[in-house]
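None of the figures in this text is laboratory data; all of them are computed from the coordinates on show. Since this is a predicted model, take the numbers as computed values, not measurements. All Cβ positions, glycine included, derive from the backbone under ideal geometry; neighbour counts span all protein chains shown.
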Amino acid sequence: MVRSPANSGDSVATTRPALTRRRLLGTAAGSTAALGLAAAPRSALAEMLAARRAPAVVQGGTKLTYWGGLIFSDAANSLLEETITAWGDANGVEAEVVMINQNETTQKVSAAVESNTLPDALDMGLDLQLLLSQQGQLAPLDDVYDRVGAAQGGWFPGVDAAMAPERFGGTRTGVPFGTGGNLLFRRTDVLGEAGFTEPPATWQELSDQAREAQAPPIFGMGFALSNVGDGNVQVSVLQSYGGRIADDAGTTPTIKSEATRAYLEWVSAAYRDGLFPPGATTWDGAGDNQAYLAGQAVFIANTGSVHLSAREEDPELDASTAYSPLPGGPTGLVSPLGPNVRAIPTSSRNADAAKALIEHLANPEFMAEYYAVAIYGPVLQAQRAFPIYSGESEVHTGLANLVETGTAPAAPDVFNAAYAEFNANFLVPKMVQRVVIDNYTLDQAMDETQAAAEAIYAKYR
């Protein structure tokens, strides 16, 4: 099984805009729930790309199930589903697309491993890819990785380094399709009224600005302190304060430290001062998005999905938003980039068709349109010239810059299976919750988290 992710957080209701033209994974492993809506006509792009038939190895009459990563963009989600189903129709493959909230992928995959109901191919993040690779759950994709890279100018160095075979048991078990990372979003109208015109350079400056600018129901710091993906932004903040998950060898946890204490003092003081919106400790993956879009947050850390929504739904808010790198801490800036990949489980009954589909989805015509409505930075050198990264969108340009200049996954820690499992359990935001909700002392919270980390790292020694 996938170690620990089933215990990764409290159960919360997902609150999102109405979902259209896709299916979501149900709460039971392997089950799907149709939304009961008629399928919309496919895009011209999906039909055009489908005409490019797959390699001859794909046999007609086969079935293929694909789990796509659901993001905060209906246009991107629909385009992915349309393109896969059109490809399937053109190649005699019955392709079923199931869209899963990315913040729930680890839990869904863990359950599917247990019940032997993994799909033929799926989207996932780097942490989950590493855990599954260590357990022999993912098939090698070196051939597809090499062909896609050679056809489009090569992979960005940071992306290629993150996919180094030695991390994944000697092979490449995923083909990157987009790079995630966070930018700082800030309300220039609210901050301007408080006298702040420049972005905060440090997290302390950010909380100082938030304290001066906020006026509930607009709160200063719209950052998740919860047990979902966004909550792990706090790992980067901790590291920018000098805190470490483990030592330089990546084998011995070092949570309890004076640097961690300094971080906890900062975040707990901000919480006591009411700078976080109500519910930040229990938000789901859309909590920060919705707080910002509802006018309830001055600052958030976001990959770009809020911009996509505000551009369509609230142009005034979008015009009042500025973007900058994440602030630094006493020991510098930590702003990791994280490739998202398409992978094939070793249990796939249609691995050849799945490989052909993954290579099809790397087509530059599809990716150019997909990136324009999605929230990712590029992964291939040729993609840097796409219009969306060349001035059409300030957010996307920032994401492209992050791919070129951002810090490596996990740095300054070592990105290994133990680190991935530590994050899958959201132990840093849980440590914060112990202090701000359960009234633990800083030492009690650090001791508990240190013990949990030691139990995880011991599994990999």
Set of lysines near Lys256 by C-alpha distance (under 18 Å), chain-local residues within fewer than 8 positions excluded: Lys430
Unit charges on C-beta of K, R, D, E only; dipole of the stretch 210-264, Debye: 120 debye
P(r) of the stretch 73-170 over all Cα-Cα pairs, binned every 5 Å from zero, in whole percent: 2, 10, 17, 18, 21, 21, 10, 1, 0
The stretch 296-453 shape via C-alpha gyration tensor axes, a/c threshold 1.5: oblate
Geometric extent, Cα atoms of the stretch 234-355 - Rg, Dmax (angstrom): 19.1, 56
Approximate spin-label separation Arg272-Thr254, in nm, with each point projected 7 Å along Cα-to-Cβ: 2.8 nm
Test item: Cα-centred dipole of the chain, Lys/Arg +1 and Asp/Glu -1 on Cβ, debye: 960 debye
Proximal aspartates and glutamates to Lys63, defined as alpha-carbon separation beneath 15 angstrom and excluding residues fewer than eight positions away on the same chain: Asp89, Glu94, Glu96, Asp120, Asp352
Stokes-Einstein translational diffusion, the stretch 158-277 - Kirkwood Rh over all Cα pairs, 1.567 mPa s, 4 °C, in µm²/s: 76 µm²/s
Computed helical MRE - 222 nm, the chain, DSSP H runs ≥ 4 contributing -39500 (n - 2.57), nearest 500: -12000 deg cm²/dmol
Cβ-based net charge around Val414, under 11 Å, with every Lys or Arg adding one and every Asp or Glu removing one: -1
Between helix 442-458 and the chain: long-axis angle, C-alpha atoms, 0 to 90°, nearest 10: 30 degrees
For Gln450, net neighbour charge (Lys/Arg +1, Asp/Glu -1) across residues whose Cβ lies under 11 Å away: -3
Calculated over the stretch 279-334: convex hull of Cα atoms, volume per residue (Å³): 103 Å³
Dimensionless Rg/Rh of the stretch 375-461 - Kirkwood Rh, Rg from C-alpha atoms: 1.18
Leading residue at positive end of dipole, the chain (Cβ point charges), from Gly178, Pro412, Tyr145: Tyr145
Computed FRET value (nearest 0.05) for Asp247 with Asp142, which takes r as the C-beta separation and R₀ as 35 Å: 0.65
Once the Cα gyration tensor of the chain is diagonalised, semi-axes √(5λ) in Å: 35, 26, 20
